[in-house]
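Notes to accompany the following structure.
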Amino acid sequence: MFPLTEENKRVAQLLLSTGTCPRCIFRFCGVDFHAPYKLPYKELLNELQKFLETEKDELILEVPNPPPKKIRLQELEDGIDRIDNLSQNGEAKVSNIEDGHIASKNSNLNVCNVCLGILQEFCEKEFIKKVCQKVEASGFEFTNLVFSVSFPPQLSVREHATSLLVKQEMGKQSLSLGRNDIVQLKEAYKWITHPLFSEELGVPIDGKSLFEVSVVFAHPETVEDCHFLRAICPECFKPAKNKQSVFTRMAVMKALNKIKEEDFRKQFPCPPNSPKAVCTVLEIECAHGAVFVAGRYNKYSRNLPQTPWIIDGERKLESSVEELISDHLLAVFKAESFNFSSSGREDVDVRTLGNGRPFAIELVNPHRVHFTSQEIKELQQKINNSSNKIQVRDLQLVTREAIGHMKEGEEEKTKSYSALIWTNKAIQKKDIEFLNDIKDLKIDQKTPLRVLHRRPLAVRTRIIHSMETRYVDEHHFHLYLKTQAGTYIKEFVHGDFGRTKPNIGSLMNVTADILELDVESVDVDWPPALDD
């Protein structure tokens, strides 16, 4: 059943006579069900021709600066003849993608003055196949996808001009046209193309999919359509660092909402002029949303930083915990890059023992994303076999949201340490025993001198929950501490020139220093422990 009614006829005739394509005519006539848009272009043109033929001899339309009636009728007949020519030639043809552009092979196509060919050539099966070929060649692993399109901003100007024309025509019939009555170009385009993509690729279209196929259209011929808006609404077109042009779709829409109808009509033709060429395709891109891998690591070396140690552009050590783990993940997930985060960090000369330190790695634009639990175990084993400096456990795929558990209430968490302490004065076992009785000691720590170059100057209150000592000799003892997360342990021992108060040195009335430090446990119940 043809979707237009007698009520739509005058608008349809007006739009066709001024250079609008059938699918855009449907949009401005408020056809909001999918089936008519999906008809092959040849069939659609034939149906529209039949619908309008019945009254073409009676057609009288008022357009700006109308020519004599005989000329108007001749133009309509010429328009229908052109439709006949296109119908005989069959569906619109699309060329191969070369140099990032797709151009029309159909020189007989009258390019729509509203959509600039988007609903003519670029929703036909041949174009969809070209896009799908690029998707399949991209090497991404996916079970569904989201399809996005970026249209030239001048389309909004042309839509606005056409809506004013339709509104005027409907007003003559005592009908009204609301903004929501017009089907948006992007909606109509997706109605047509989504089923074609699903059929060609064999996967569903899912708005929540992490795999995105995006197509960017441009139309150089009409790029200046928007420029008059900047003179009228300069406040809408402010330069942005990440935008190549001030004429973004949002800026154009903002200006169109502000401009008065009479001012718009003075500056832009209603109806819009017909272009000579269809849009070009600037790029077809495939991208996969980040995936996240979490686990715990142990660090057994006292000569290994957590992240690459680079000072003034010069690398100090050849590797890091981050690299020893992420290099393997990047290769297996075929990701472009990564972001490493953890529950705190240890110094280069500090070991991390016990059940390890929780970490998470964001893998950006991964090409492979589906792994069995056995494959993840094998990946963990591969990491562990590659170095004796670190070991990884509980390696697993997690969600972005789950990573929040690692940082959640971080300063309320506790961490346990063991340290080997040196004192300048000779000590006996009885001199350190009093430390065992101290509970929940509050200390004030001014930002340590050694991290002042990367941390803001502040005084932070931290809690030493408990201490336990083990005497070694006259100048050495082991100290086991349970502290609030974020405590600077080295500074708690030596005092950092009085910047941490109290400290072990001041409590014992000696000069104290730390010779070795180990992280014994990080009390964060994440990620979940896995069976070996």
For this session: Evaluate the chain: find the radius of gyration of its Cα atoms, find its Kirkwood radius, and give the ratio Rg to Rh.
Result: 1.20
Problem set entry | Descending Cα extents along the principal axes, the stretch 195-257, whole Å | 48, 25, 23
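Which value, in nm² and rounded to one decimal, describes the direction-averaged projected area of the C-alpha convex hull of the stretch 304-457? Could the numbers behind the result be given before it?
Numbers: hull surface 53.2 nm².
Average projection, Cα convex hull of the stretch 304-457: 13.3 nm².
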For this session: With just the Cα atoms of the stretch 263-303, tell me how far they stretch along each of the three principal axes, in Å, largest first.
Result: 75, 27, 20
Problem set entry | Distance histogram for the stretch 302-341 (every C-alpha pair counted, 10 angstrom bins, percent rounded to whole numbers) | 28, 48, 23, 1
Problem set entry | Cα extents of the stretch 333-396 along the three principal axes, largest first (Å) | 36, 23, 18
Exercise. At a probe size of 1.4 Å, how large is the accessible area of Val392, to the nearest 10 Å²?
Worked result: 10 Å²
For this session: Could you state the accessible area per residue of the chain in Å², with a 1.4 Å probe and every protein chain left in place?
Result: 50 Å²
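Considering only protein heavy atoms and a 1.4 Å probe, what is the carbon-and-sulfur percentage of the accessible area of the chain?
On the way: 12660 of 26490 Å².
Solvent-exposed carbon and sulfur of the chain make up 48 percent of the total.
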For this session: Please calculate the 1.4 Å probe accessible area of Met508, with all protein chains present, and give it to the nearest 10 Å².
Result: 30 Å²
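Roughly speaking, what is the stretch gain from Leu317 to Asp206, that is 0.36 nm per residue apart minus the C-alpha to C-alpha distance, in nm to one decimal?
Fully extending the segment from Leu317 to Asp206 adds 35.4 nm.
Over 16 Å, how big is the tail of the calculated P(r) for the stretch 473-532, in percent of all Cα pairs? Don't skip to the end; give the middle numbers.
Numbers: 946 of 1770 pairs.
Taking all Cα-Cα pairs of the stretch 473-532, the fraction more than 16 Å apart is 53 percent.
On a 1.4 Å probe surface of the protein chains, which of Arg450, Arg27 comes out largest in accessible area, and what is the full order? Don't skip to the end; give the middle numbers.
Details: Arg450 95, Arg27 0 Å².
Ranked from most to least accessible, the order is Arg450, Arg27.
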For this session: Please work out how much accessible surface Lys407 shows to a 1.4 Å probe, ignoring ligands, DNA and RNA, in Å² rounded to 10.
Result: 90 Å²
Seminar exercise, completed: Going residue by residue through the stretch 4-20, the Karplus relation 6.51 cos²θ - 1.76 cosθ + 1.60 with θ = phi - 60° gives ³J(HN,Hα) values, rounded to whole Hz and with x marking Gly or Pro, of 8, 10, 4, 5, 7, 4, 5, 5, 4, 5, 4, 5, 4, 5, 9, x, 9
Problem set entry | Column: log10 I(q)/I(0), Debye, Cα scatterers of the stretch 444-488, q = 0.20, 0.23 Å⁻¹ | -0.76, -0.83
Exercise. Within the stretch 187-208, what residues put their amide N at less than 13 Å from the label point 7 Å along the Cα-to-Cβ vector of Asn144?
Worked result: 203-208
For this session: Taking all protein chains together and a probe of 1.4 Å, list Trp526, Trp191 from the most accessible to the least accessible.
Result: Trp191, Trp526
For this session: Can you grab the distance from the C-alpha centre of the stretch 459-532 to the C-alpha centre of the stretch 186-227, Å, no decimals?
Result: 58 Å
Seminar exercise, completed: Rounded to the nearest 10 degrees, the helix 69-89 long axis (Cα) sits at an angle to the longest Cα principal axis of the chain of 60 degrees
For this session: Could you order Tyr480, Tyr41 so the one with the most accessible surface comes first? Probe is 1.4 Å.
Result: Tyr480, Tyr41
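The values are calculated or read from the model by the stated rules, or taken from the named source; none is laboratory data. Only a predicted model underlies this, so the values are computations on that prediction, with no experimental measurement involved. Reconstructed Cβ throughout: ideal geometry from the backbone, glycine too, with neighbour counts over all protein chains shown. Please note that ligands, DNA and RNA were not included when accessible areas were found on the heavy atoms of the full protein model with its side chains. Shrake-Rupley method; radii C 1.70, N 1.55, O 1.52, S 1.80 Å.
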